[in-house]
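Just below is one structure, and these are the notes that go with it.
The values are calculated or read from the model by the stated rules, or taken from the named source; none is laboratory data. In this text, all values refer to a predicted model and were calculated from it rather than measured experimentally. To get the accessible areas, we keep the full protein, side chains included, count just its heavy atoms, and leave off ligands, DNA and RNA. Shrake-Rupley method; radii C 1.70, N 1.55, O 1.52, S 1.80 Å.
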Amino acid sequence: MRQLVVLFGGTGVIGSAAATVARQRGLDVLSISLDVPVNRRFYRNLQLDLESVSPPTLAKTLDEAVGGSPVALLFDIIGLGGKTATAMAEIAAARAAPVALISSCLLYDQDGSGPVDENCPLVADGPDCHAYLRDKLAVEAFWRNEPRVGWRIFRCHHILGAGSNLGCIPNHNRDPQLLARLRRGEPLALARGGELSLSWIHPEDLAAAVLDLCADPRSRHASVNLSAPDPVRAQSYYEAIARALELPAPEIRHFDPDPGDFWALTARDNVFVSGHPFFNELSFRHDFASAIRDALAVPENERARRARFMLARIAGRMGG
């Protein structure tokens with residue numbers, strides 16, 4: 001019987017890539033998302049609001065959908081907390097299935113002074129902590145206190161590939177109008193004039209690494225930074241987009257972000273590495289140029305829709 005990968009939030013940028021990689025490896029895929037139901041050979045999407053579903057409903061739905069299939073992985077792309085995470089843990093424990101959680105490298109308490117590995121302390125959960133980060137801290141803490149399940153926490157920074165929202169630093173983070181600005185020849189206002197470096201990863205490389213490491217017992221109960229080997233300079237990032245569109249490089253102007261704004265966390269060098277020996281055994285198929293090409297291959301209106309959705313989600317978690 002074919003093994004099954006269950007994707008919680010399986011139709012977005014990471015979920016779509018994970019479904020592709022899983023199917024390439026001979027795994028069936030069950031996605032749970034807000035998108036319309038799909039029932040095809042080797043791939044199904046169940047339409048369910050994971051933010052509001054009751055744990056009994058989630059457990060019943062999953063039991064019926066999974067049936068007797070062996071579960072290779074429960075992959076939480078959203079970062080589900082509370083009773084929903086508890087229900088997921090019960091399902092994982094009952095089926096002896098590993099759990100992968102996607103988290104954020106923005107959780108590290110760092111000042112941009114050098115590459116950051118998993119030994120760096122995390123930000124403190126307090127009144128000055130952004131709500132988005134508090135949510136991430138809470139979900140990570142839940143799994144670290146769940147001994148029955150072989151969980152892994154994967155921290156990422158900038159996801160760049162098919163369907164990604166383009167823009168990596170203030171004042172053009174995930175900017176739905178970025179391509180239109182470039183076509184109009186507008187200058188871009190960038191923190192530190194774009195003279196900072198950041199880590200990125202293609203979603204297919206991310207998905208492949210998650211599948212590999214969740215099958216590797218050495219990574220059980222580990223937090224792992226997932227980034228492509230070569231960080232990119234922010235100015236070069238925006239120039240690469242213009243070049244792929246056969247446009248002139250944009251004029252870059254200096255921008256000072258509001259220190260209290262969430263995106264100010266990206267107005268510094270954000271370079272992340274892994275200190276785990278098993279990380280060095282991973283392979284990365286996509287270079288930066290191919291990641292930009294894949295991002296631009298998705299229709300512009302769809303990228304803009306996803307950018308607006310992401311910005312609204314972050315604003316909602318911050319109470320703004």
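Residue-wise HN-Hα couplings along region 219-226, as the Karplus relation 6.51 cos²θ - 1.76 cosθ + 1.60 with θ = phi - 60° gives them from phi, are 9, 4, 6, 10, 9, 10, 7, 10 Hz; Gly and Pro carry x.
Annotation: amide H-H contacts under 5 Å for R155 (H modelled 1.01 Å from N, sequence separation of 5 or more, or interchain): S103, V224, N225, L226.
Backbone phi angles across region 151-157, fed through the Karplus curve with coefficients 6.51, -1.76 and 1.60 (θ = phi - 60°), yield HN-Hα couplings of 8, 9, 10, 10, 9, 10, 10 Hz in residue order; Gly and Pro are listed as x.
Each residue of region 20-68 gets 86 Å³ once the volume of the Cα convex hull is shared out per residue. A 1.4 Å probe run over the protein chains yields, for region 1-153, 44 Å² of accessible area per residue, whole-number rounding. In the chain, the convex hull through the Cα atoms has an average projected area of 15.8 nm², a quarter of its surface area. Principal-axis analysis of the Cα atoms of the chain puts helix 234-244 at an angle of about 90° to the longest axis. Annotation: per residue accessible area for region 156-304 equals 42 Å², rounded to a whole number [probe 1.4 Å, protein chains only]. In the chain, the portion of solvent-accessible area held by carbon and sulfur atoms comes to 51 percent [1.4 Å probe, whole percent, DNA, RNA and ligands not counted]. In order along region 257-265, phi translates into HN-Hα couplings of x, 5, x, x, 7, 3, 5, 4, 5 Hz, rounded to whole numbers, per the Karplus curve 6.51 cos²θ - 1.76 cosθ + 1.60 with θ = phi - 60° and x for Gly and Pro. With axes computed from alpha carbons, what is the tilt in degrees of helix 13-24 against the longest principal axis of the chain, rounded to the nearest 10 within 0 to 90? Approximately 50 degrees, to the nearest ten.
Amide H contacts of S31: L7, R44, N45, L46, each under 5 Å away and 5 or more positions distant or on a separate chain (H built 1.01 Å from N in the peptide plane; Pro and chain starts excluded). Compared with the dominant principal axis of the Cα atoms in the chain, helix 55-66 is inclined by about 80°. The alpha carbon convex hull volume per residue for region 125-212 rounds to 138 Å³.
Based on DSSP H segments of at least four residues, each scored -39500 (n - 2.57), the chain has a per-residue ellipticity at 222 nm of -10500 deg cm²/dmol.
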